[in-house]
1. Being free of Cβ contacts under 8 Å to residues at least 24 places away in the same chain and of a type outside the set (Phe, Trp, Tyr): is that true of THR86 here?
2. How about the range 21-69: which of its residues are of a type in the set (S, T, N, Q) and within 23 Å of ILE118 (Cα to Cα)?
3. Hey, ASP56 hits all of (1) among the acidic types (Asp, Glu); (2) over 23 Å from PRO127 (Cβ atoms); (3) modelled with pLDDT under 95 but one; which does it fall short on?
4. From the list PRO122, PRO115, pick out the single residue that is modelled with pLDDT under 95, surrounded by 13 or more Cβ atoms within 10 Å (Cβ to Cβ) and in contact with an Asp or Glu (Cβ under 6 Å, 6 or more places away or on another chain).
5. Considering only residues of the range 80-106 that are part of a strand (DSSP E or B) and modelled with pLDDT under 95, which is nearest to the chain's Cα centre (by Cα)?
6. Which pairs turn up if I take residues in the range 5-31 that are over 17 Å from PRO111 (Cα atoms) and free of Cβ contacts under 8 Å to residues at least 24 places away in the same chain and look for partners that are charged (D, E, K, R) and not in a loop (DSSP other than H, G, I, E, B) with beta carbon separation below 6 Å, at least 6 apart in sequence or on another chain?
7. Quick one: would you say LEU70 is in a loop (DSSP other than H, G, I, E, B), at pLDDT 95 or above and not acidic (Asp, Glu)?
8. Would you check if LEU12 is assigned to a loop (DSSP other than H, G, I, E, B), touching a Gly at 6+ places or on another chain (Cβ under 8 Å) and closer than 18 Å to THR86 by Cβ?
Amino acid sequence: MSELAIEDVPLLLVGGTVDAIWVDYSLRVLLSNGATIILECPFSLGVSPDTATMIDPEGDKAGLVPALRLHTLVVTEAHAAGSTLTMTFSDGSRLTAGPHPEFESWHYNGPETPPTRIIIMPGGGLPSGSTVQRPNATSCPSEHGRRTNTCSPPSTTSSHR
């Protein structure tokens with residue numbers, strides 16, 4: 001495995017459709033390409049920072065309604081910088097998840113086999129003594145111009161149907 005910083009890892013989210021949203025103690029966003037984002041702490045969602053709503057996955061479940069509206073939208077932009085994940089969707093809304101001082105805040109599980117995984121620990125950053133690990137494999141271009149570690153074509157069908 002090679003060691004990378006979060007900023008060096010291409011998040012394979014752009015072009016994926018939000019196929020499912022699961023709610024338990026966290027909010028899980030499952031994309032059509034097999035990638036998953038898990039949000040365990042409060043995050044913001046809105047068209048602009050001024051109109052964004054803070055959503056707490058462990059709070060009042062009625063507060064999750066804005067996040068449920070992401071279902072069937074397409075991810076148009078996504079990146080991680082430092083300990084903050086930012087995703088933009090086809091309706092113009094933007095999700096931002098930063099670190100939490102006491103809890104793991106967000107996780108990324110990529111669609112590759114084996115998957116690239118990012119876990120943001122309490123206070124930000126990665127688990128103590130580790131870096132983002134991505135499996136070594138053949139690097140192939142994806143449909144979005146990024147390099148991936150799998151040569152399989154991206155899935156265009158939903159796996160839950």
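1. When the stated conditions are applied, THR86 passes them.
2. SER26, SER32, ASN33, THR36, SER44
3. With respect to (1) among the acidic types (Asp, Glu); (2) over 23 Å from PRO127 (Cβ atoms); (3) modelled with pLDDT under 95, ASP56 is out only on (3).
4. PRO122
5. Among those residues, the one meeting the criterion is ALA80.
6. TRP22/ARG28
7. The answer is yes for LEU70.
8. So LEU12 fits the description; yes.
The values are calculated or read from the model by the stated rules, or taken from the named source; none is laboratory data. It should be emphasised that the depicted structure is a prediction, and the values quoted were computed from it without experimental measurement. Neighbour counts run over all protein chains shown; Cβ positions are idealised from the backbone, glycine included.
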